[in-house]
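The values are calculated or read from the model by the stated rules, or taken from the named source; none is laboratory data. Bear in mind that the values here come from a model prediction, so they are computed numbers and not experimental data. Here the Cβ positions follow ideal geometry from the backbone for every residue, glycine too, while neighbour counts run over all protein chains shown. Areas reflect the complete protein model, heavy atoms only, side chains present, ligands, DNA and RNA absent. Shrake-Rupley method; radii C 1.70, N 1.55, O 1.52, S 1.80 Å.
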Amino acid sequence: MTWVGATGFARRPLVVVEDHLHHVSELLDVLSEAEIRQTTVVCLDRPGPDTTRITASWLERYPGLQVAARTGGGTGLDPAVFDEAHRFCKTVAGMLRPGGLLLQDIPLATLGFIPPDRWWESIYLANTVRGMFAGTQPACRFLSNKRGYEATFGRDLLDAGFDPRDVMDKSDLRGMVVPVVRSYLNRAFPLVLQIPGAPDAAVAKTEEDRREIESQLDLAVWQGEPVEIGGRLLDGKRLSFKTGSQEAVTWLELIEDRLEGGEGLPVVDVGARIAPEGAGRAEITNLAARHIHGLRNRLKDGGAIMTAHHAYRLAEGVRVGRVGARTNTD
């Protein structure tokens with residue numbers, strides 16, 4: 001299940017696991033205020049009319065939110081999640097992006113396989129989730145309203161590979177939880193992917209994310225210095241151009257045209273950018289044609305760049321994306 005260009009349920013950078021409806025509602029309110037999106041909520045509260053009504057209201061109130069619950073709105077959870085530790089961990093891991101953040105409540109009282117008198121052992125579930133990632137592992141943070149948890153399960157946290165400072169007081173969502181979550185996501189996912197017809201997606205500066213994007217798109221441009229081009233039309237190769245070079249500008253303009261739903265790059269505009277000052281129309285159009293011919297030759301299918309109505313554009317069906325720096329990285 002790829003997250004690139006997904007419009008249905010997909011892996012997300014932030015997964016919240018909670019067992020109380022009202023705690024989820026409080027958290028979603030403050031995350032929304034802080035403009036922290038691309039979130040999946042795993043709601044473990046018991047089924048019933050309240051669960052159905054409230055989970056459906058989250059989806060209506062917070063566009064783009066994904067919810068997995070036992071009943072109600074969102075994606076249904078397999079009942080085995082509540083009875084088998086491995087099924088729980090596999091389900092949560094399947095919702096989380098590599099390098100993402102798992103925000104898990106302590107305790108998780110509705111999980112039948114955790115003894116009530118050992119409620120803090122849910123921290124070991126987070127460690128198992130983390131270990132299911134062969135590449136970039138996610139980070140885990142915990143929410144708790146228990147006092148003195150260092151004395152209660154501080155040793156267990158250390159044994160599971162966590163730091164007691166990874167536990168945050170859920171009574172201070174704005175002052176403690178939101179800053180930690182936002183800071184982590186901004187560091188881990190400093191880039192954004194734009195694809196026509198799909199929500200923007202956070203991107204990590206990892207080879208793992210890069211391979212995922214370039215395996216799903218025909219052309220993907222990476223803005224920066226240098227400008228880089230990858231994707232299926234390059235047959236595993238990557239192109240690199242100095243920012244501002246003529247070829248870099250044309251690739252960026254072709255993809256921008258597709259993102260904006262434009263009508264293509266006028267031939268005379270492309271040629272005028274390349275031609276020497278004072279060049280005539282014939283020379284301008286000839287230089288444009290030679291320039292585009294060079295771009296086509298780089299692709300596995302040169303027909304991916306077409307000429308129509310005196311303009312160059314990417315052919316219908318060519319799947320493109322643009323990766324650049326996020327602007328809200330405060």
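So which of 25, 57 is touching a residue at least 24 places away in the same chain (Cβ under 8 Å), small (Gly, Ala, Ser), more than 20 Å from residue 97 (Cα to Cα) and not in a strand (DSSP E or B)?
The conditions single out 25.
Name the pairs: first residue in the stretch 86-108 and in contact (Cβ under 8 Å) with a residue 40 or more places away in the chain and small (Gly, Ala, Ser), second residue part of a strand (DSSP E or B) and open to solvent by less than 10 Å² (accessible area, probe 1.4 Å), Cβ to Cβ under 8 Å, at least 6 apart or on different chains?
99/13; 100/13; 100/14; 100/15
Kindly provide the set of residues from the stretch 301-330 that are within 30 Å of residue 180 (Cβ to Cβ) and surrounded by fewer than 19 Cβ atoms within 10 Å (Cβ to Cβ), ordered by number.
Hits for the stretch 301-330 are 324, 325, 326, 327, 328, 329, 330.
Out of the residues in the stretch 29-44 meeting the condition of being assigned to a helix (DSSP H, G or I) and under 18 Å from the mean Cα position of the chain (by Cα), tell me which one is nearest to residue 102 (Cα to Cα).
31
Would you mind listing the strands (runs of 3 or more DSSP E) fully within the stretch 232-327 where at least 3 residues are under 22 Å from residue 5 (Cα atoms)?
Counting at least 3 such residues, we get 320-325.
From the list 37, 11, exactly one residue is open to solvent by 40 Å² or more (accessible area, probe 1.4 Å), free of Cβ contacts under 8 Å to residues at least 60 places away in the same chain and farther than 20 Å from residue 167 by Cα. Which is it?
37
Search the stretch 59-79 for residues being at pLDDT 90 or above and open to solvent by less than 20 Å² (accessible area, probe 1.4 Å), and hand back the single one that is nearest to residue 39 (Cα to Cα).
Restricting to residues being at pLDDT 90 or above and open to solvent by less than 20 Å² (accessible area, probe 1.4 Å), the top hit is 66.
Condition check ((1) open to solvent by 20 Å² or more (accessible area, probe 1.4 Å); (2) farther than 20 Å from residue 228 by Cα) across all residues:
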{"position": "251", "(1), (2)": "no, no"}
{"position": "266", "(1), (2)": "yes, yes"}
{"position": "271", "(1), (2)": "no, yes"}
{"position": "275", "(1), (2)": "no, yes"}
{"position": "278", "(1), (2)": "yes, yes"}
{"position": "286", "(1), (2)": "yes, yes"}
{"position": "290", "(1), (2)": "yes, yes"}
{"position": "299", "(1), (2)": "no, no"}
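Looking at 141, 130 in this structure, which one is within 23 Å of the chain's Cα centre (by Cα) and within 19 Å of residue 43 (Cα to Cα)?
Working: 130 fails: within 19 Å of residue 43 (Cα to Cα).
Exactly one residue qualifies, and that residue is 141.
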